[in-house]
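Note sheet for the following structure.
The values are calculated or read from the model by the stated rules, or taken from the named source; none is laboratory data. What you see is a predicted model, and the numbers here were worked out from it, not measured in a lab. Glycine also receives a Cβ, built like all others from the backbone with ideal geometry; neighbour counts cover every protein chain displayed. The protein model used for the area step is the full one, side chains on, heavy atoms only, and it has no ligands, DNA or RNA in it. Shrake-Rupley method; radii C 1.70, N 1.55, O 1.52, S 1.80 Å.
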Amino acid sequence: MRVLGIETSCDETGVALYDSEKGLLADALFSQIDLHRVYGGVVPELASRDHVKRLVPLLREVFARAGVAEGEVDGVAYTAGPGLVGALLVGGACARALAFGWGVPALGVHHMEGHLLAPMLEEQPPAFPFVALLVSGGHTQLVRVDGIGHYRLLGESLDDAAGEAFDKTAKLMGLPYPGGPEIARLAQQGTPGRFTFPRPMTDRPGLDFSFSGLKTATLNAWRELQASAAADDQARCDVALAFEQAVVETLTIKCRRALKETGLKRLVIAGGVSANRHLRASLEKMAHGLKGELFYARPAFCTDNGAMIAYAGCQRLMAGQQDAAGIEARARWPMEELPPIFA
Ligand code: KG4
Ligand code: ZN
């Protein structure tokens with residue numbers, strides 16, 4: 001089965017063609033980062049308007065690069081949520097119209113299921129069951145995954161998501177949007193041990209997270225440096241490193257606990273923050289210590305992209321799922337509501 005995937009949930013327009021037999025045929029992405037950077041974050045109305053501009057050229061590009069005639073697909077998958085409703089509606093309307101015109105089924109895909117399954121596009125995909133750590137700009141969740149749609153939430157963030165904490169902390173320190181890659185870049189030049197920030201909620205049982213206190217602790221340290229005229233470039237790198245280390249260690253402690261509690265050996269990380277190199281290294285070491293294995297997608301498929309939506313959509317369309325003739329767009333959508341696929 002060949003499926004076209006369309007992602008427009010936030011500030012990236014992603015389009016891809018996935019073939020269940022041949023794998024990924026082509027994918028293309030337009031990132032709106034430069035458009036939103038001047039505002040320090042995503043402006044929803046600007047995001048929607050830009051998706052309108054980018055979608056058709058990206059669709060043409062993907063079909064051309066795949067060497068597939070436009071419309072030669074068996075289904076169209078699009079991100080139906082969670083995300084910015086206006087942005088979702090652009091992708092949804094486009095996907096629905098194309099599917100109607102081509103006489104094929106359309107399916108609204110859950111954005112976080114897309115992230116969760118993105119490592120399946122790699123050469124050595126994880127086998128079920130596994131524990132997944134989903135770390136994006138909007139979500140931080142630990143999920144037990146027994147198959148597609150067989151999800152049990154083990155823990156989640158009670159306030160800011162991990163990516164959101166990176167973005168907000170970076171903003172408070174005067175760094176550009178998005179803050180995650182920026183903090184990671186500065187942290188490389190950081191002096192280990194100069195600052196130490198709390199590892200929130202690691203000293204009590206459970207698998208939930210909280211990152212807003214860490215953000216405040218980081219801001220306080222930064223303000224103190226500013227007040228004593230010591231907030232120079234090196235201090236910024238040192239604070240960035242201490243913040244990153246606190247997030248990485250907190251996530252590592254919780255993932256270890258989740259593996260121990262479930263008795264599972266495979267850990268999958270997905271979503272924008274899973275591109276972070278220190279996080280990957282720390283989790284790799286931890287999983288190795290438990291005689292387990294860590295799986296993740298290539299960096300371009302950690303952040304938003306069309307390939308993950310084409311892949312997830314293909315699995316569900318192959319299982320016979322399809323939507324009625326409407327456009328789905330949901331700001332919120334618990335992943336546990338998704339119907340299971342019985343393999
Ligand atoms: O998955 P994603 O592209 O979008 C959402 O679904 O939210 O994740 C974007 C998030 C942003 O918060 C961004 O700062 C963060 O992922 N991010 C990173 C890195 N690359 C992206 N955070 C830490 N280190 C990185 N290397
Ligand atoms: Zn995402």
Exercise. May I ask which residue of LEU117, GLY75, MET1 lies farthest towards the positive end of the charge dipole of the chain, with charges of +1 (Lys, Arg) and -1 (Asp, Glu) on Cβ and the Cα centre as origin?
Key: LEU117
Quiz item: DSSP loop trypsin sites (Lys or Arg not before Pro) in the range 187-294 with at most 10 other Cβ atoms within 10 Å of their Cβ, which ones?
Solution: LYS291
Practice problem: Tabulate in residue order the Karplus-calculated ³J(HN,Hα) for the range 304-317, using 6.51 cos²θ - 1.76 cosθ + 1.60 with θ = phi - 60°, rounded to whole Hz; enter x for Gly and Pro. | Solution: 4, 6, x, 4, 5, 6, 4, 5, 4, x, 4, 4, 6, 5
Self-check item: Amide hydrogen neighbours beyond the local backbone of LEU25, cut-off 5 Å, H modeled
Solution: LEU17, TYR18, ASP19
Quiz prompt | Rounded to 10°, Cα long-axis angle of helix 277-289 versus longest principal axis of the chain | solution = 90 degrees
Quiz prompt | Whole-number percent relative contact order across the chain, with pairs defined as alpha carbons under 8 Å at least 6 apart | solution = 26 percent
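Whole number in Å², please: accessible area per residue of the range 66-222, 1.4 Å probe, ligands, DNA and RNA not counted. Provide the component values of the computation, followed by the final result.
Numbers: 5860 Å² over 157 residues.
In whole numbers, the range 66-222 has 37 Å² accessible per residue.
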Exercise. Let me have the relative contact order for the range 163-269, percent, based on Cα pairs under 8 Å that are six or more residues apart.
Key: 33 percent
Exercise. Quick one: Debye curve from the alpha-carbon atoms of the range 1-105 only, equal weights, vacuum; give me log10 I(q)/I(0) at q = 0.10, 0.11, 0.20 Å⁻¹ to two decimals.
Key: -0.27, -0.32, -0.96
Practice problem: List the aspartates and glutamates whose Cα lies under 20 Å from the Cα of LYS260, skipping any in the same chain that are fewer than 8 positions away. | Solution: ASP146, GLU156, ASP203, ASP208, GLU249, GLU284, GLU293
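Stretch VAL56-MET1 to full length: gain in nm at 0.36 nm per residue minus the Cα-Cα span? Can you show the working numbers first?
Details: separation 55, 0.36 × 55 = 19.80 nm, distance 2.25 nm.
Gain on stretching VAL56 to MET1: 17.5 nm.
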Self-check item: Percent accessible area from carbon and sulfur atoms, the chain, protein chains only, probe 1.4 Å
Solution: 52 percent
Exercise. Give the Cα extents of the range 125-261 along the principal axes, in whole Å, largest first.
Key: 53, 29, 24
Exercise. Identify, among THR169, GLN321, LEU264, the residue whose Cα sits farthest towards the positive end of the charge dipole of the chain, taking +1 on the Cβ of Lys and Arg and -1 on the Cβ of Asp and Glu, with the dipole about the Cα centre.
Key: LEU264
Self-check item: Relative contact order %, the range 153-220, counting alpha carbon pairs below 8 Å whose residues are six or more apart
Solution: 46 percent
Quiz item: Restricting attention to the alpha-carbon atoms of the chain, what are Rg (one decimal) and Dmax (integer), both in Å?
Solution: 20.2, 67
Quiz item: If the viscosity is 1.002 mPa s and the temperature 20 °C, what translational diffusion coefficient in µm²/s does Stokes-Einstein give for the range 198-343 when Rh comes from Kirkwood over Cα pairs?
Solution: 116 µm²/s
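If you roll a 1.4 Å probe over the heavy atoms of the protein chains, what accessible area per residue do you get for the range 252-343, in Å²? Walk me through the numbers before you get to the answer.
Working: 4560 Å² over 92 residues.
Ligands and nucleic acids excluded, the figure is 50 Å² per residue.
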Exercise. Please work out how much length the chain gains when fully extended from GLU337 to ILE33, using 0.36 nm per residue of separation minus the C-alpha to C-alpha distance, in nm with one decimal.
Key: 106.3 nm
